[in-house]
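What follows is a single structure, written as structure tokens, with notes after it.
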Amino acid sequence: MNGEVRDREVATSAAPWWHGEAAIPFSQVPNELPVRGTGKRFSSASASRYGRDGLYGVRIRRFRAGGRGWFTTREEVARWVAAINAICGGDA
């Protein structure tokens, strides 16, 4: 190396997990969830609870953007539904 300093490449990504996905306000999550067996949609309160506390230990990932409240992505909601279905034995 003869005294020269070499730059090391570090394999890290500065992009957030939601980069490149379709962001939606958390208030729209019930519209992305499948309709319950009773024919009713999930409430906004239920969606908020799934983001905060989770269901069966799985939370909908969320993020804050520009001080405008919580957001998630359509893709994250689909991943969450698939994870819940896998736990419960439903079709993903």
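Please treat every number below as a calculation from the coordinates, not as lab data. Just so you know, these numbers come straight off a predicted model, no measurement behind them. Virtual Cβ from ideal backbone geometry, glycine too; neighbours counted across all protein chains shown.
Just a few scattered comments:
- Ranked list, fewest to most other Cβ atoms within 10 Å of each Cβ, for THR38, THR73: THR38, THR73
- Which of SER48, SER43, SER27 has the fewest Cβ neighbours within 10 Å, and the rest in rising order: SER43, SER27, SER48
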